[in-house]
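Peer 1: So that we are looking at the same thing, I have put the structure below in structure tokens.
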Amino acid sequence: MPIHRSLATDPGPAPLRRLADQIETLRHEDRPPAILRACLELGGTVSRPGDGTHFFEIMLLGAYARGADLVEAARNWLAVARNLAPPEPAPPSAGDRLPARDLELARALGVLARTQDYDDDRLRSACQSVLNLSRDWPANNIARLLLQALDRAPRAEA
């Protein structure tokens, strides 16, 4: 399996993801030796029991994992690499449009991000939209707390 030195100099999670993808294409028994080879080529480290640890430890491209044996450490390293560098979503094509629900939620979240720019009625409407459309706990919590604050605030007389 060729492992390119460009992986070590490429910034960001992309080299980690590319290396994990390359290693995952191999048979299970070929993965630990490939990770060892990558450590040699890319400046990673592998610690064996007795080197100050009771585990096999792998540190490569910013991902650290350990295991009772080299196979377990390699499997754990791949899991860490996948978590640190998930696959990037496909870019939307020019014809793709956001569903109306997602568009409404995005607008409501935009209003909540700049509360000073909107009147109370618009803020209430945005909060209701977030509470109705979002499953994101922090966003729902912000909307709920803002609604409570708006309900407690005295209304301006026109």
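Peer 1: If you take every residue apart from Glu72 with its C-beta less than 12 Å away from the C-beta of Glu72, what net charge results, scoring Lys and Arg +1 and Asp and Glu -1?
Peer 2: +1
Peer 1: Using a cut-off of under 14 Å, list every residue of region 48-73 whose amide N is near the label point 7 Å from the Cα of Leu84 along the Cα-to-beta-carbon line.
Peer 2: Only 57-66 pass the distance filter.
Peer 1: Need the full-extension length gain, Thr45 to Ala14, defined as separation in residues times 0.36 nm minus the C-alpha distance. One decimal, nm.
Peer 2: 9.2 nm
Peer 1: Using mean Cβ contacts within 10 Å as the protection proxy, how do 137-145, 112-120, 69-77, 36-44 order, highest first?
Peer 2: 69-77, 36-44, 137-145, 112-120
Peer 1: State, to one decimal in nm, how far the label point of Glu29 lies from the label point of Leu145, with both points 7 Å from Cα in the Cβ direction.
Peer 2: 5.6 nm
Peer 1: Explain nothing, just compute: Karplus ³J(HN,Hα) = 6.51 cos²θ - 1.76 cosθ + 1.60, θ = phi - 60°, for every residue of region 59-69 in order, whole Hz, x for Gly and Pro.
Peer 2: So the Karplus estimates, Gly and Pro as x, are 10, 8, 6, x, 9, 10, 8, 9, x, 5, 9 Hz.
Peer 1: Using a 1.4 Å probe on the protein heavy atoms only, what accessible surface does Leu146 show? Give it in Å² to the nearest 10.
Peer 2: Here the accessible area works out near 40 Å².
The values are calculated or read from the model by the stated rules, or taken from the named source; none is laboratory data. Only a predicted model underlies this, so the values are computations on that prediction, with no experimental measurement involved. All Cβ positions, glycine included, derive from the backbone under ideal geometry; neighbour counts span all protein chains shown. Surface accessibility is based on the protein's heavy atoms, side chains included, excluding ligands, DNA and RNA. Shrake-Rupley method; radii C 1.70, N 1.55, O 1.52, S 1.80 Å.
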